[in-house]
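Here is the structure we will look at.
The values are calculated or read from the model by the stated rules, or taken from the named source; none is laboratory data. Owing to the predicted nature of the structure, the values given are computational and were not obtained by experimental measurement. Please note: Cβ atoms are built from the backbone with ideal geometry, for glycine as well, and neighbour counts cover all protein chains shown.
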Amino acid sequence: MSTRAKPIRVGVLAIQGDVEAHVEALERVGAEGVAIRWPKELDGLDALILPGGESTTISKGLERLQLYEPLEAFAASGRPLLGTCAGAVLLAARVENHPVRSLGLLDVTAVRNAYGTQVDSFKAIAESELPDLPCVFIRAPRLRRPGPELEVLARVDGWPVWVRQGTVMATTFHPELTSDPRVHRAFLALAGD
C-alpha cells in the first residue's frame, strides 16, 4: 500500500523525441507525466526522463535553454533520471562517433548510431531477469566499457541495453514504443511510492 498522497510526478524533457509516448507510458503505470522545457519546471518533479531523438539536437537544445547545470543539480539531489536512446547518450560519461556534451552520470561509453541508420531499426527480445522484454531500436547507441558501479539490467547479443547506476537508468532502446510497462515501472520504483 502506497503512503504517497499524490502520484509520482515525472517530467519528460520536451526538446525532441516521442515525449507524448513517454507521458502515456507513465500514466499507464500510475504516474503523472508532464512535458518540461525550462529549468524552473524541474522544481516539484520526483523524477525525469530524457527521451530519444537526435542527441546532437537535444544537446544543442540543452545548451540553448541553459539546462545542463540544472540537470546536474537535479541528479545530485538524488531524484531519478531515465535516458532512452539519445537520452542514454546524454547520460553517459563518454561519447564516441561524433561526441556531444553529456552529463557524465553513467560510467559507460555511448557509441552514437552504432546499430546503423534509420533503415537499420529493429526489434529484439532482451536477455534479462524480466522475461520476454521487448526492445525497439532506432538509430540506437551501443554501450561499451561499463564501469564497476554500473549494473547491467538487460543485454541484446551480449551488449548492455538497459543499465543503472544509483538512481540513474538508461536504455538504448525505446520502452515507450511498446505496450510493456516494466521499464517505466522499474524507473518509478527508484522514485519510491
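Table for the structure above
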{"read-out": "The one condition in (1) surrounded by fewer than 20 Cβ atoms within 10 Å (Cβ to Cβ); (2) free of Cβ contacts under 8 Å to residues at least 24 places away in the same chain; (3) in a helix (DSSP H, G or I) that ALA5 fails to fulfil", "value": "(3)"}
{"read-out": "Enumeration of residues in region 22-39 that are surrounded by 18 or more Cβ atoms within 10 Å (Cβ to Cβ) and not in a loop (DSSP other than H, G, I, E, B)", "value": "HIS22, VAL23, ALA25, LEU26, GLY33, ILE36"}
{"read-out": "Considering residues of region 146-193 that are part of a strand (DSSP E or B) and of a type in the set (Gly, Ala, Ser) only, the residue farthest from LEU91 (Cα to Cα)", "value": "ALA154"}
{"read-out": "Residue in region 90-105 that is touching a residue at least 60 places away in the same chain (Cβ under 8 Å) and within 23 Å of LEU26 (Cα to Cα) present", "value": "yes"}
{"read-out": "Qualifying residues in region 40-80 (those that are of a type in the set (Gly, Ala, Ser) and not in a loop (DSSP other than H, G, I, E, B)) - the one surrounded by the fewest Cβ atoms within 10 Å (Cβ to Cβ)", "value": "ALA76"}
{"read-out": "Residue within region 144-167 that is touching a Cys at 6+ places or on another chain (Cβ under 7 Å), at pLDDT 95 or above and not β-branched (Val, Ile, Thr) present", "value": "no"}
{"read-out": "Identity of the residue in region 112-129, in a loop (DSSP other than H, G, I, E, B) and surrounded by 15 or more Cβ atoms within 10 Å (Cβ to Cβ), that ends up modelled with the highest pLDDT", "value": "ARG112"}
